[in-house]
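Engineer: If you scroll down you'll find the structure; I have some questions about it.
The values are calculated or read from the model by the stated rules, or taken from the named source; none is laboratory data. In this text the structure is predicted, and so the values were computed from the model without any measurement. Ideal geometry is used to build each Cβ from the backbone, glycine not excepted, and the neighbour counts take in all protein chains shown.
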C-alpha cells in the first residue's frame, strides 16, 4: 500500500522563484506566472507551466518571426497550428504532413532518440485521421573522423529503421551530411506523410464541455520526464547523464495504435484528439482545452500506469510513447473501448471536459492542480530577442579556381566525399516498399521520392532539402535556396510543388548573433515561399543546438510535398538512352562561392568559402515550370536538378543511374562545378528536342553513349565504374572502419 | 480461388498481399484477424503475410505460431490446402513446424531492403511453374532475420527432394546453401523471405512476382 500523504505533501508545497529557476523559468516569466495565477503555484502547477512555457512547446523565441511565413494557397486546407498541415490533392482526398526534430535525445541515446522521433511524427499525422504512407528523414552528423560519429550514425540509422520498418510505413527519402559543426549536436529530423479523406480529418479543436476524456495506448511510466525542457537548453559535455529523459519506443504498440485509432475514426465517436508528444499528458490536455475554450477535470488515479507510486507531477510530465488523448462524443465510450480491446490496448476514461476554463487535476482524492487554461497556451512568453545582422562575406578571388587538376580527378574526389557519396548503406536498412505504393525511393537516386496515392493514378512527390553551407554564408539567400531547391527537386520528377513543412534547427536564440541567422533565414524562406506560391503548412523549431557554447551550422530543413496527377508521366535520373542529348536548362555564371568544390577541392573554410549563389526566385519558378511541362508532355527521358557539385556531378549522377557512358564535351572548371541556381539537366532524344518550345537558356552540353561506357570531359575519359566505385564505397568503408586513404 | 490472409497484431504486409491476390487472381481474399480463432471453410490458399507479428518479441514468429488460429491453419495444411508464407510469414511457418528450419538474424546484423536476384530451383512446383524456362528473377527483400538455417541432414534432404524453391544469387543474409524459399514435402506450402507480393508491377518492386501467383492459380 502506497502512503499517499507522503506522496502528496511535496506536490502541494508552494514553490518560490528559486524553484521556478530550477524549472527553467526566468525572473520575468515567474512574475508573469504569479500575476496571472494570483498566487504562487504548487509543484504540479509549476511543472505544468514550465513545460508549456518551454521553448519547445511555446516557440517563445521564434513565434513572431514564424508569422512571416505565408501559410495559404489554393490547396491548403489546414496550415500551422494543428498537429500537421493538410493539403487538398483532389478527389476529396488530402495529404497530411509534418517534420519534427529529435536532436537532443538522439545525441544522448541514438537508437531510442531516433526511433521515438519517427514514432512521434507518425502520431502527429494519424492523430488527424490520416493513414501514414511515407517517412523521410534529414540527418546531420559530425565530422566522419570525430570519435563519436560512427556510432551515432549506426545508432540513429538502426533506430529509424527499427521503428519505421516494424510499424510498416516505408522510409522513402532523406538526406545525410557530415560537418564538424555537428560534432556535439547531431540533427535527426523526421517527416511523415499521411493520406485521408477530406471529410474525415480530425483536429485538436472542437471539444465541448461535459464529455469524457479518453486515454488510449501505452501505460504511463517515468520515462522522458522534462524532455521538452531538455530540448530547450544548451548541452554541455557529460550531458549523457540526461539519458533517463530519453523515451523508449515500442513500434509494435504504435502499429496497433494506428490501426485502432483509424478504426475508431471511421465511426462517429471522436470530438477532438491529440497525441501525447512533448510534455505528454500536459500539453495534449491543455491544447484540447484551450482550442475548445473549455476546462478539464482529470482524475490521475485513472491514468494507466506502468509503475506504482507515481506522483501527479510525474504522470503529467511523463513523455512515455505511443499514447493518445481524445474527447469522445456522448455515449461513445463503449464503442471506443471495444475497438481498443480488440487490439489489447489500454483505454480509460480519465476525466471530463468542463465549462470552468480551468485545468483541475486530482490524485488520491485531493485536488493537486487548479489553474486557468488560457494563460498556459496564449500567455506564453513571446520574445522579441535582440539580433545582429550576420556578417557579409567577400567574394572568392576571381582566380581562386585556377588549379592544375584534371576535372576527372576532381569528380572522383567529389563523388566520393562524405556529403556526395551514396548513402546506400543507410537506406538499404529502411523498408522502402511496404504498402506497395512506392514508385521511386532513395534507390533510384532521384531528386524526389514518389508514392502512389493508393488505388488512383495520382502520386505524391516528396523531398527534404537544406544546404547549411549556404545558410552559414548568408542566411537570407540560404533560406531562399532551401525552399527553391525543394521546389526544383519536386519539379524534376514532374510533380507540381504544393506546400512545405519546415524544421528550423539553430543554436541559442538568446545570443544576438545566432538570433540574426534565425531571423534572416526565416525571412529568406518566407520570400521564397511567397514567390513560388509554396506555403508552410506545418513545422518545428529546434533551438539551443549548441554544445559548450558552440552553435551548429544554421540548418533550416525544408520538407516539400508535390502532386502528380498521372504517375505514368513522371521521370527520374535513370531514364537516359544511348544517343540522347544532355541539355542544360538555365543560366550558368560559374558561381563557386560556398560550393562543394570550394570546400572539398580548394580546401577553403568558413568565411574563406565566400558567399553562396544568389537565388532569383522568379527565374526558379519560370525554369521549374518549363521543365515540368516538358516532362508531363513526354519530351524528357531523364531529369535532374543541378545542385551540390554543379553540372559535372549532376551529369555523373545521371550517367550512373542510367548506366550509360556520357561525353560531356569542353567546359571551364567554374562551368563544371559552379553551383548557380535555377538549373536542370535533361536527357532528351533528337526528336524530343525538336519539339521543345522556345526557351532562351537551353544548351546542349553532352551526349549519352554506350551502356556502362566511359565518362568523358575536356578530351579525357575514365570508366564509369570507377566513378561508381568512388560514389558507392565511401560509406560502407567508413562504417566498417576501413581507412580509404 | 478462395483465399484468406491471416492478420496478426504487427502484420504489415497484409494489405500488400490482399492487393496482389485481388489484382492477379481476380478474387477478393478474406482478411482474418488472428483472434477470430478459425479460418473460413474450403479455402484454396491461406497466406501468412510479412511484418512484425507481436513486434518480433521473444523471437520472430514465435508468438504468432502459438496463436489459436494456427490450429485451423494446420487443419487446412493437412487437407492439402496451399499455404504461402512471406517474410514474417515464412518465420511463422518455420516456428509452427509446417516447414523445416529456422530464420536467424542476417549475417550482416543489419536490416536489408533491396532488389534481390533469385534463381528458381524448383521449376515445376505449384508456385513456380508459370515462370516457364526463366532461370533468374528479381524480387525485393526487406528483413532483419532472413538467415535460413537447418541441420545438414535436413538441408541435404531439401535439396535432394527438390524442395528448395528459390536460391539467392549474391547471398544477402548468410542463408545456408543460399536458400531463399522452401517447400513442404507435399509441395503445397511455400515459405520465402523475398516479397513477390511487392513485385506485381507498376511500382519500384518490378513485376517478377506475378508469375508466382499465376502459378498458384493454374495449379488449382
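Engineer: Please specify each residue of segment A:450-471 satisfying the condition of being farther than 18 Å from residue A:174 by Cβ, surrounded by 24 or more Cβ atoms within 10 Å (Cβ to Cβ) and more than 12 Å from chain B (Cβ to nearest Cβ).
Structural biologist: Across segment A:450-471, the qualifying residues are A:470, A:471.
Engineer: Looking at segment A:413-433, can you tell me whether even one residue there is crowded, with 20+ Cβ neighbours inside 10 Å, within 30 Å of residue A:53 (Cβ to Cβ) and modelled with pLDDT of 95 or more?
Structural biologist: No, segment A:413-433 has no match at all.
Engineer: Any idea how many residues of segment A:498-508 are over 20 Å from residue A:477 (Cα atoms) and either at pLDDT below 95 or touching a helix residue (DSSP H, G or I) at 6+ places or on another chain (Cβ under 7 Å) (or both)?
Structural biologist: 1
Engineer: Out of (1) over 26 Å from the mean Cα position of the chain (by Cα); (2) within 30 Å of residue A:59 (Cβ to Cβ); (3) at pLDDT 95 or above, what's the single condition that is false for residue A:410?
Structural biologist: Among (1) over 26 Å from the mean Cα position of the chain (by Cα); (2) within 30 Å of residue A:59 (Cβ to Cβ); (3) at pLDDT 95 or above, the lone unmet condition for residue A:410 is (2).
Engineer: I've got another one for you. Inside segment A:650-741, counting only helices (runs of 4 or more DSSP H) that do not spill past its ends, which hold 2 or more residues that are modelled with pLDDT of 95 or more and in contact with a strand residue (DSSP E or B) (Cβ under 8 Å, 6 or more places away or on another chain)?
Structural biologist: Result: A:686-690, A:720-736.
Engineer: Is it the case that residue B:152 is farther than 26 Å from residue B:64 by Cβ, more than 14 Å from chain A (Cβ to nearest Cβ), free of Cβ contacts under 8 Å to residues at least 24 places away in the same chain and surrounded by fewer than 19 Cβ atoms within 10 Å (Cβ to Cβ)?
Structural biologist: Yes; evaluated as a whole, the condition is true for this residue.
Engineer: While we're looking at this one, here's another question. So which of B:65, B:20, B:4 ends up being within 14 Å of chain A (Cβ to nearest Cβ), under 17 Å from the mean Cα position of the chain (by Cα) and modelled with pLDDT of 95 or more?
Structural biologist: After ruling out the rest, the residue left standing is B:20.
Engineer: Another question, then. Give the residues of segment A:149-188 that are within 14 Å of another protein chain (Cβ to nearest Cβ) and part of a strand (DSSP E or B), sorted by residue number.
Structural biologist: A:171, A:172, A:173, A:174
Engineer: For segment B:98-116, give me each residue that is part of a loop (DSSP other than H, G, I, E, B) and over 18 Å from residue B:161 (Cα atoms).
Structural biologist: B:105, B:106, B:107, B:108, B:109, B:110, B:111
Engineer: Testing residue A:107 on (1) surrounded by 24 or more Cβ atoms within 10 Å (Cβ to Cβ); (2) touching a strand residue (DSSP E or B) at 6+ places or on another chain (Cβ under 6 Å), one condition comes back false. Which one is that?
Structural biologist: Only one criterion in (1) surrounded by 24 or more Cβ atoms within 10 Å (Cβ to Cβ); (2) touching a strand residue (DSSP E or B) at 6+ places or on another chain (Cβ under 6 Å) is unmet by residue A:107, namely (2).
Engineer: Name the residue that is nearest to residue A:141 (Cα to Cα), counting only residues in segment A:710-721 that are surrounded by 14 or more Cβ atoms within 10 Å (Cβ to Cβ) and in contact with a helix residue (DSSP H, G or I) (Cβ under 7 Å, 6 or more places away or on another chain).
Structural biologist: For segment A:710-721, the residue satisfying everything is A:720.
Engineer: Take the conditions more than 14 Å from every other protein chain (Cβ to nearest Cβ), in a strand (DSSP E or B) and either out of contact with any strand residue (DSSP E or B) (no Cβ under 9 Å at 6 or more places or on another chain) or in contact (Cβ under 8 Å) with a residue 40 or more places away in the chain (or both) and apply them to residue B:119. Does it pass?
Structural biologist: Judged against the criteria, residue B:119 is a match.
Engineer: Checking the conditions here, which among B:137, B:141 is in a strand (DSSP E or B), under 17 Å from the mean Cα position of the chain (by Cα), within 14 Å of another protein chain (Cβ to nearest Cβ) and crowded, with 23+ Cβ neighbours inside 10 Å?
Structural biologist: The conditions single out B:141.
Engineer: Still on this structure, I have one more. Could you grab me the full set of residues in segment A:623-642 that are surrounded by 24 or more Cβ atoms within 10 Å (Cβ to Cβ) and either part of a loop (DSSP other than H, G, I, E, B) or free of Cβ contacts under 8 Å to residues at least 24 places away in the same chain (or both)?
Structural biologist: Answer for segment A:623-642, where residues must be surrounded by 24 or more Cβ atoms within 10 Å (Cβ to Cβ) and either part of a loop (DSSP other than H, G, I, E, B) or free of Cβ contacts under 8 Å to residues at least 24 places away in the same chain (or both): A:636, A:642.
Engineer: Here's another thing I want to ask about it. Being modelled with pLDDT of 95 or more, out of contact with any strand residue (DSSP E or B) (no Cβ under 8 Å at 6 or more places or on another chain) and surrounded by fewer than 24 Cβ atoms within 10 Å (Cβ to Cβ), is that true of even one residue in segment A:442-449?
Structural biologist: No - not one qualifying residue is present in segment A:442-449.
Engineer: Now for a separate question. Being in contact (Cβ under 8 Å) with a residue 40 or more places away in the chain, crowded, with 18+ Cβ neighbours inside 10 Å and either out of contact with any strand residue (DSSP E or B) (no Cβ under 7 Å at 6 or more places or on another chain) or within 14 Å of another protein chain (Cβ to nearest Cβ) (or both) narrows it down to one residue among B:52, B:111, B:127; which is it?
Structural biologist: Exactly one residue qualifies, and that residue is B:52.
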